[in-house]
Each structure stands twice: as structure tokens, then as C-alpha cells.
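First comes the structure, then the notes that go with it.
The values are calculated or read from the model by the stated rules, or taken from the named source; none is laboratory data. All figures in this text were calculated on a predicted structure; none of them were measured in a lab. FYI the Cβ positions are ideal-geometry reconstructions off the backbone, even for glycines, and counts take in every protein chain you see. Accessible surface is based on the protein model in full, side chains and every heavy atom, while ligands, DNA and RNA are left aside. Shrake-Rupley method; radii C 1.70, N 1.55, O 1.52, S 1.80 Å.
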Amino acid sequence: MTSVRRAESVPEREHAAATIGGANPFVGLSRGQVAAAAGRWAAHLVADPAVATDHALRLAGGLVRIAAGASTVEPERGDRRFVDATFATNPVYHRLLQAYLLWRAELLATVDDLHLDERSADRARFALSLLTEAAAPTNTLLGNPSAMKRARDTRGTSLVRGARHMLGDLRHNGGMPSMVDRRPFKVGVTVALSPGSVVFRNEVLELIQYLPSTTRIRERPTLLIPPQINKYYVIDLAPGRSFVEHAVAKGIPFYTVSWRNPTPAQRDWGLDTYLEAVLEAIDATLEVARSDQLNILSMCAGGLTTACLLGYMSAVGDQRISAASLVVTAIDVAVRSQMNIFASPPTVAAARRASARRGVLPGSSMARVFAWMRPNDLVWNYWVNNYLLGEPPPAFDILAWNGDTTNLPAQLHSDFLDMFVDNPLVRPKGMMALGSPVDLSAVTCDVYALGALTDHIVPWQGAYQATQLFGGATRFVLSSSGHIQAIVNPPGNPRARYFLNEDYVADPAAWLKGATEQAGTWWEDWGSWTIERSGDERPAPTRAGSRRHPALDPAPGTYVRE
């Protein structure tokens with residue numbers, strides 16, 4: 001079923017690539033794209049030899065100062081590659097560090113002096129960063145003093161272990177260094193532990209009702225719509241780090257959708273398919289909760305789905321959603337970011353053809369793109385740990401969840417690509433959902449929108465646009481962390497911060513300039529906001545489900561295990 005259809009003709013634009021936002025994980029990242037970006041940079045460098053000469057002379061002069069011990073080049077604060085004290089105390093390693101940093105800086109600086117167009121400059125900078133991060137001395141045995149010490153102290157055992165890890169990754173992980181030891185994390189055993197039951201199931205989703213932990217609850221339930229590109233249990237990782245646990249402790253009746261992991265047999269599932277399934281889940285939630293309305297909480301791609309759902313329900317006069325929360329959701333996908341630099345009409349078309357041929361966009365391919373967007377943190381860090389130091393990858397619940405990938409059916413993949421290409425949510429009636437035009441300005445329920453300050457997947461400025469597009473009262477909160485860290489943000493973290501400013505001006509930068517910093521986590525702020533919109537208290541139910549929708553399986557259900 002084709003689900004994202006243009007409500008009006010969108011003319012082809014010569015610079016259409018400039019409007020494609022956040023699409024890289026859906027488009028893919030190939031060696032050819034990176035090589036083309038580097039080739040364009042090199043061609044401009046050859047055509048402008050003065051730039052090459054200038055930076056070569058700067059590099060030569062800097063190397064002379066490094067050799068003489070007169071250089072002040074130092075790593076940026078927070079660069080964990082060079083924390084070994086040897087880089088500061090050993091003159092050879094210190095000069096090696098400085099030479100690498102100087103070479104890297106001069107190479108990247110050429111991009112700014114070549115007067116490339118904005119998109120080409122972003123692509124060249126990314127391609128060169130892949131090269132320079134790969135060339136870091138710490139990625140080699142001799143250039144990494146920690147690895148050398150480990151090899152000496154273990155009499156070479158660490159190198160043998162590292163070779164075994166590398167062979168294992170070549171065989172089982174596509175040649176990428178493993179980021180996590182997933183063995184300690186078993187769904188329903190060590191993660192996704194909040195008690196509850198599946199109370200509804202269709203071919204697309206399961207609906208989980210969580211048991212209350214208080215004697216009285218609010219009358220209006222909250223239903224979570226998770227992203228289709230990950231499994232839902234990021235909101236229920238472990239006791240003390242579980243959003244579900246936090247919500248039910250406040251007396252909020254909490255339900256969640258758990259998506260089925262599609263195979264090529266479900267290639268025709270599109271956005272409309274998912275919207276129809278969510279509408280059935282809403283029906284079941286309201287019946288089980290004995291309520292006329294509910295609140296919706298959504299995250300990332302689930303937020304895009306929810307925005308379309310809100311537009312559809314507004315168009316048909318369905319008022320059953322009292323309030324909606326959109327967590328790290330790019331309502332405006334045209335915001336410039338690293339995540340869209342290689343998306344263009346030809347690459348989008350190629351990605352669409354590839355998933356149509358396979359029937360799905362594999363979750364593993366999206367995970368690979370996410371990793372190469374942050375190579376130091378998500379690739380080379382584990383290269384050093386696993387292979388040079390011979391250590392196993394860490395056992396960490398968030399990384400284990402991140403590695404538990406899901407597929408996108410080809411049609412939904414195509415529908416999301418349409419959204420990234422056309423950016424329809426920013427235009428009234430810019431798209432159709434279930435046969436009705438989507439106009440966010442006609443959505444009058446209260447909206448809670450969360451952005452994340454250092455989010456490299458959903459730039460917070462794109463999430464901020466919810467304040468400008470929805471027709472009801474919108475509250476925007478900016479977490480101080482990144483994409484996943486914003487979602488998993490329980491109380492008690494002394495470093496947790498968020499920003500508030502109720503003057504929702506059009507310019508996000510101006511909003512941030514006037515915002516005040518709050519200590520703590522947005523979970524608490526969201527809880528208070530949601531409770532105000534959840535009705536009166538009533539006695540908590542003593543069992544899950546209802547006569548019409550009885551408990552089928554204990555949480556976390558069956559679809560999450562696929």
C-alpha cells in the first residue's frame with residue numbers, strides 16, 4: 001500500500017539535495033560517495049595551487065617547530081585517544097601526536113579556503129575526516145603506547161586475543177569491530193523487565209499494558225509509539241534506568257507499541273499500514289483503560305509516524321488524543337546536519353531501488369551508517385579496544401539494544417524517503433495519510449517536544465520547529481545530551497541538564513540564547529506535564545487487560561524477540 005502521497009505537485013528543483021534532511025541512514029553510505037567527495041575536493045585543490053602551497057608551507061613550518069620542541073599544538077579537550085601519559089612525557093610520542101594533529105588541521109582547513117559550495121564542503125570535510133581519523137597513530141600498535149604496554153605486560157597474549165577478536169568480527173560482524181558484548185542482555189531476562197502483558201496483537205504490532213506500581217492511577221493512559229528502526233525496549237532497559245518504571249511510579253497508566261520485525265514478505269507495508277495498526281492499538285488501549293482519550297508519547301521515526309497520525313485524526317475530526325509528546329523528532333528534516341550530506345536525488349532513487357529489490361532495508365546497514373557518522377567513538381575506539389588492547393567489547397545495555405536492529409519494509413522505507421525529500425510536514429496539506437491531507441496547524445492538542453543539544457541524528461533545531469507548526473500549545477524542552485542519552489535520562493544523574501524558554505520565537509538560536517538551564521532530567525518535567533493532562537485519579541486495576549482484550553502473553557511479548 002502506497003502511503004506517503006503528495007497532496008500537491010512539488011516541482012523538481014535543481015538543488016533538491018539541499019532540502020533532504022536526516023536521510024543518510026535511510027540512503028546508505030558507500031565508498032563511491034566518499035571517494036567522489038574526496039575527488040571533488042582534490043580537483044579544486046589542483047585548480048587552486050595557492051591553497052595547497054599555503055597549507056603545505058604552514059605544515060612544514062609547524063613540523064619544524066614540533067621538531068624543535070617549540071610547538072603548542074595539543075589535542076582538543078575530551079579527545080580520549082591521547083589520554084595515555086606517554087604522549088605528554090615521551091618526547092617522541094609527544095612529537096608524533098603534534099605532527100598528526102597539525103597535519104589533520106591543515107588538511108581540513110583547505111576545505112574552508114577552496115570556496116566550495118556548502119554541500120560539497122560538508123561532503124569533503126566528512127570524507128577527509130574519515131581519512132584523518134583512520135590515520136591516527138593510536139590506531140596502530142607502534143603508535144599506541146597503551147597497546148604496546150599491554151603487549152609487553154601480557155607477553156603478547158593481548159595481541160593473540162586481538163587477532164581472535166578481529167577474525168570473529170570478519171566472520172560474524174561484517175568486518176566492523178564489535179561495539180558490545182550482547183551476551184549478558186536477554187530480553188525479558190536482564191532487560192525489558194517491567195511487569196505487564198500483551199493485551200492486543202495484529203500483524204504489525206503488539207500492545208503491551210504495564211502493571212501499575214501505585215494503588216491509584218490517572219484515568220487517561222499514555223501510549224508509546226517507538227521508532228520502527230529500533231526495538232521499543234530502550235524505554236525499559238533496566239530497573240533505575242527504565243522510563244516505563246518512572247512513568248508508572250507517577251501513577252501514569254502506561255502502554256507501548258512493540259513493532260513486528262518485518263521480512264521481505266512484508267515488503268508492501270507502508271506508512272498507511274502502520275497508521276492503521278496504531279489506530280487499532282488506540283482502540284484497544286482506550287477500551288482496556290476505560291477512557292475516552294489518551295496521551296501519545298513518540299520517539300524519533302515513531303514521532304514522524306505520530307505527526308502524520310495527528311494530522312490524519314485532525315482532518316477526520318477524531319479527538320481521542322488529548323496530548324502528544326514528540327521526543328527527538330525531526331519535524332523539519334531540512335535542517336543542515338552531518339546526517340544528510342550525502343543524500344541527493346540520485347542516491348535516494350538508488351536506495352529506493354535497493355530496498356524494493358530486497359524487500360527490506362536491513363537494520364544492520366542503517367547501524368553501519370550511524371557508526372561511520374561518528375568514526376572515533378563508534379569504530380576506531382572499538383578497533384583499539386578489541387584488537388590492539390585485546391579486550392572484549394564492553395557489556396552495556398544501551399549498546400546491546402542498539403545492536404538489536406530491526407528492518408524497514410521496502411514501502412515504509414520509500415515513504416520515509418519521500419518525507420526526507422519533500423519535507424512535507426512543514427507545509428499545510430503537504431502530504432496525505434490514510435487518504436486525508438496532513439496539516440499540523442490544524443492539530444490543536446497540547447504538544448511536548450524534546451530536542452537534544454548534541455544530537456547528531458536529529459538536529460535539535462528540526463525538533464524545535466514543532467513550536468512553529470502545531471496549532472495547539474506546544475512546550476519545547478532541550479536536553480543537554482545526545483540522541484540516545486536524551487532518551488535514557490533517568491533522575492539522579494548529577495550532570496543531567498535541560499533548557500527552557502517559553503518565548504517560542506521563530507529562530508532556534510535566539511530561543512536558546514534566551515533559555516535558562518535547569519538541573520536534572522526532562523523525565524521529571526515531562527511527568528509533571530503529562531500528569532496535568534491525564535485526568536483525575538482512580539483505583540489501579542488489579543489485573544491486565546479486559547474481557548474484550550484479555551492478557552495474551554507476559555511482557556515483553558513475542559514480536560520483540562524476532
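Can you tally the net charge around Ser30? Count Lys and Arg as +1, Asp and Glu as -1, for every other residue whose Cβ sits under 14 Å from the Cβ of Ser30. Don't skip to the answer; put the middle values down first.
Working: positive: Arg31, Arg123, Arg353, Arg368; negative: none.
Neighbourhood net charge equals +4.
So, R0 is 22 Å and r is the distance between the beta-carbons of Arg290 and Ala249; what FRET efficiency does that work out to, to 0.05?
On the way: r = 21 Å, r/R0 = 0.97.
Taking R0 as 22 Å, the efficiency between Arg290 and Ala249 is 0.55.
Can you give the local net charge around Trp383? Use residues other than it whose beta-carbon is closer than 12 angstrom to its beta-carbon, Lys and Arg +1, Asp and Glu -1.
Values: positive: Arg81; negative: Glu133, Asp169, Asp377, Glu391.
Net charge around Trp383: -3.
Quick check for you: with a 1.4 Å probe and neighbouring chains kept, what is the accessible area per residue of region 202-334, in Å²? Numbers along the way, then the final one.
Details: 3490 Å² over 133 residues.
Accessible area per residue: 26 Å².
For an R0 of 25 angstrom, estimate the FRET efficiency from the Cβ-Cβ distance between Ser436 and Tyr504 and round to the nearest 0.05. Write down the numbers at each step before the final one.
On the way: r = 27 Å, r/R0 = 1.09.
Plugging the Cβ-Cβ distance into 1/(1 + (r/R0)^6) gives 0.40.
What is the distance, in nm, between label points placed 7 Å from the Cα along the Cα-to-Cβ direction at Ser364 and at Leu141?
Each label point is offset 7 Å from its Cα along the Cβ direction, giving 2.9 nm.
With the contact rule set at Cα under 8 Å and sequence spacing of 6 or more, what percent relative contact order holds for region 212-273? Before the final figure, lay out each step's value.
On the way: 64 pairs, mean separation 27.6, N = 62.
Here the relative contact order equals 45 percent.
Taking H placed 1.01 Å from N in the peptide plane, check which residues at least 5 places from Phe200 or on another chain put their amide H under 5 Å from its amide H.
Answer set, sorted by chain and number: Leu207.
Could you tally the net charge around Arg497, taking each other residue with its Cβ under 15 Å from the Cβ of Arg497, Lys/Arg +1 and Asp/Glu -1?
Details: positive: Arg495; negative: Asp455, Glu517, Glu524, Asp525.
Charge balance near Arg497 sits at -3.
Setting aside same-chain residues fewer than 8 positions from Lys513, which aspartates and glutamates have a Cα under 14 Å from its Cα?
Within reach: Glu502, Asp503.
Give the long-range amide H neighbours of Leu408: residues separated by 5 or more places, or on another chain, with amide H under 5 Å away, using H modelled in the peptide plane at 1.01 Å from N.
Here Leu361, Gly363 satisfy the definition.
Mind putting together the pair-distance distribution for the chain? All Cα pairs, 20 Å bins, whole percent per bin, short to long.
For the chain, the binned pair fractions read 19, 51, 26, 4, 0 percent.
Using alpha-carbon pairs under 8 Å, 6+ residues apart, how would you state the relative contact order of region 492-550 in percent?
Details: 40 pairs, mean separation 18.9, N = 59.
Once divided by the residue count of region 492-550, the mean separation gives 32 percent.
Return one whole number: the accessible area per residue of region 409-562 in Å², for a 1.4 Å probe.
Computed with neighbouring chains in place, this is 41 Å² per residue.
Could you grab the relative contact order for the chain? Cα pairs under 8 Å, six or more apart, rounded to a whole percent. Intermediate values should be presented prior to the final figure.
Details: 1097 pairs, mean separation 131.1, N = 562.
Relative CO of the chain lands at 23 percent.
At a probe radius of 1.4 Å, what is the per-residue accessible area of Val46, in Å² to the nearest 10?
Solvent-accessible area, nearest 10 Å²: 120 Å².
For the chain, give the percent of accessible area contributed by carbon and sulfur heavy atoms, probe 1.4 Å, rounded to a whole number. The partial results should precede the final answer.
Details: 12940 of 23810 Å².
C and S fraction of accessible area: 54 percent.
May I ask you to rank Lys429, Lys231 by accessible area, largest first, using a 1.4 Å probe over the protein chains only?
Most to least solvent-accessible, the answer reads Lys429, Lys231.
Calculated FRET efficiency, Ala42 and Arg547, Cβ-Cβ r, R0 45 Å, to nearest 0.05? Display every interim value, and only then the final one.
Values: r = 70 Å, r/R0 = 1.56.
Working from the Cβ atoms, E equals 0.05.
Order 307-313, 368-374 from most to least packed using the mean count of other Cβ atoms within 10 Å. Mind showing how you got there, number by number?
Working: 307-313: 25.6, 368-374: 17.9.
Per-residue mean Cβ counts within 10 Å order the peptides as 307-313, 368-374.
Among the lysines, which have Cα under 22 Å from the Cα of Lys231 when same-chain residues fewer than 8 positions away are ignored?
Partners within reach: Lys186.
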